1. Going through B:137, B:151, B:131 one at a time, which residue ends up being within 16 Å of the chain's Cα centre (by Cα) and under 21 Å from residue B:172 (Cα atoms)?
2. Exactly one of (1) farther than 21 Å from residue A:284 by Cα; (2) part of a helix (DSSP H, G or I); (3) in contact with a helix residue (DSSP H, G or I) (Cβ under 6 Å, 6 or more places away or on another chain) is unmet by residue B:63. Its number?
3. Inspect all residues belonging to region A:220-227 and state whether any of them is modelled with pLDDT of 95 or more, over 18 Å from the mean Cα position of the chain (by Cα), within 14 Å of another protein chain (Cβ to nearest Cβ) and more than 16 Å from the ligand (Cβ to nearest atom).
4. Conditions: (1) crowded, with 18+ Cβ neighbours inside 10 Å; (2) in contact with a helix residue (DSSP H, G or I) (Cβ under 6 Å, 6 or more places away or on another chain). Residue A:220 meets all but one. Number of the miss?
5. Considering region B:206-223 alone, what residues qualify as being surrounded by fewer than 23 Cβ atoms within 10 Å (Cβ to Cβ) and closer than 15 Å to residue B:11 by Cβ?
6. Please count how many residues of region B:1-53 are assigned to a helix (DSSP H, G or I) and out of contact with any strand residue (DSSP E or B) (no Cβ under 8 Å at 6 or more places or on another chain).
7. So the check is Cβ under 7 Å with 6+ separation or different chains; which pairs have a first residue in region A:190-201 that's in the same structural domain as residue A:173 (by the TED database) and a second one that's assigned to a strand (DSSP E or B) and within 13 Å of the ligand (Cβ to nearest atom)?
8. For the list (1) more than 12 Å from the ligand (Cβ to nearest atom); (2) in a helix (DSSP H, G or I); (3) buried (at least 24 other Cβ atoms within 10 Å of the Cβ); (4) within 20 Å of the chain's Cα centre (by Cα), I need the number of the one condition that residue A:231 fails.
Ligand SMILES: Cc1ncc(COP(=O)(O)O)c(C=O)c1O
């Protein structure tokens, strides 16, 4: 298969492109040019490298989860510890890269959408560090269930703008961020948080998240002496998964598995399993798989994890699925919660509910495999932000 | 020359500027949309834009977002809207433009959408999230069915993009008055003369300006720089306020009449595509 995607129009196979209002076209061309230039610039690479090492805390560890592996009784499970990054998730790999790009482009105002609040926090963080104005769009529904992250963003000096339109979740936050960008195009940098959106965002975000897979590929060879048999990551928009998968694409013996949110179950309407249940459509500037009704109206989605509660998916994932290079499965709210609890007890690590979906697939898969097998799971974030949600699911009240 | 351009040229020949009036189909319901469309044509609208609602209208401000949500909550479908177009066409010869986002068209199938819309009596299409770089399939289908695909130009469109945008356009060129989303605005800061002059230098098609225009005086001021003015959110807001009351159609038509009057006045004559 061709790994040199996308083409110059931003197509990964038949997915991707640039389906945006005309106002955004010159801005996307400008971004494309600025990124192409930055990529070639040693000083840009060195600067990014410096902040990743000294501010984000990279490389993140690769950790052999002995307790979890013994509990599951089968394959050896390794965790890529993106939860140990500054701000607690993989999101900052991308926000650090893009904020440096925004500075190069002379933009003084940063906007972003956020679901779980992790991308919002990671954006607010880098904006604070570089003294840039920052507005974060967040659905009202997500503001309610991720109140801790809302307060973190405010502490960091960002304006959190509640989005009350549509389903009041991530997709609506992205609509509103795009409207802001259309309106303030001259001054504002839109810092997209996943491998979604119009070209060149899916490429930019992928490239900045690739560090996950590059490190993990090197680390697993050092620690286990070989490549893993399976690489597993959760898929919302798909950035942590793409960052993890991409450096393994040419290692054909490595099975790549993306885990989407099955919510209450794929046989109900309450899920967010875009690749498992959707069909191609256009949302937020790119052609990719999409959960929608017969008329092309975007479907309401559900996941216990706000970061996976998104009806679309990055175009390169649609391409990897149709090309047969990655496979996509789904884990329910319940399976994610079970995996969440297992990791807490067996490893002393509280994972993000998003990452718990990836763990759920490892929990299913590991017992079917031999001790010689290796599963690499991307632990995309830590679960502090989710303890309220989990407590509620367990019937525990944390409020006075 | 298709119906839309022909109509606009007739209007200009009379020494007036065109009024392109927008409402969202299915708000409050399709039966009302049909009545409104017919009455608005009689009240002086020269071209009617019918919004086909989409769940995620990123180019629209609060008024049209809310109208789209009301229409979708009421169960409106693309098929239903095409039937409504058929009913309007039986009673009115006003040029009809469907305005929607690409996904409903893509799901319906660009070829089938253009064919069914044309058969029902639609004359043009505006798809704000479909730049020329992506419009190949729909452009072809529209051409095959004698439907005009009307492109948008924005204040920040660089001169080098203008030939690409207008090269295969028909009907008219839609100049967006602001860098922003649809919605009523107090004032318009863009240098409209520069924008419309730029467009005229690359195409002989009529030039319309829209986004943010609500009051008759504002319409008249804008019209000095173009051939037609698009008014949307202001009419949609009236529909929202009067929905369910017997005065709905009268109120919208009164607004249309006032706008058209302002576009007929002496002061607006001047630059025109003629
Ligand atoms: C910890 C964590 N993992 C995963 C995701 C999902 O995003 P993506 O699929 O882009 O990695 C999020 C999003 O908020 C997140 O916070």
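The values are calculated or read from the model by the stated rules, or taken from the named source; none is laboratory data. Being a predicted model, the structure only gives us computed values, none of them experimental. Using ideal geometry, Cβ is built from the backbone for each residue, glycine included, and neighbour counts are taken over all protein chains shown.
1. Working: B:137 fails: within 16 Å of the chain's Cα centre (by Cα); B:131 fails: within 16 Å of the chain's Cα centre (by Cα).
Just a single option satisfies the conditions, and that option is B:151.
2. It is condition (1) that residue B:63 fails.
3. Keep residues of region A:220-227 that are modelled with pLDDT of 95 or more, which gives A:220-227.
From the residues that got through so far, the ones that are over 18 Å from the mean Cα position of the chain (by Cα) too are A:220-227.
Still in the list and also within 14 Å of another protein chain (Cβ to nearest Cβ): none.
No, region A:220-227 has no match at all.
4. Condition not satisfied by residue A:220: (2).
5. Residues of region B:206-223 surrounded by fewer than 23 Cβ atoms within 10 Å (Cβ to Cβ): B:214-218, B:220-221.
Within region B:206-223, B:220 is the sole residue that qualifies.
6. The qualifying residues number 14.
7. From residues that are in the same structural domain as residue A:173 (by the TED database), the pairs are A:191/A:112; A:193/A:112; A:193/A:113; A:193/A:114; A:196/A:312.
8. It fails just one condition, (2).
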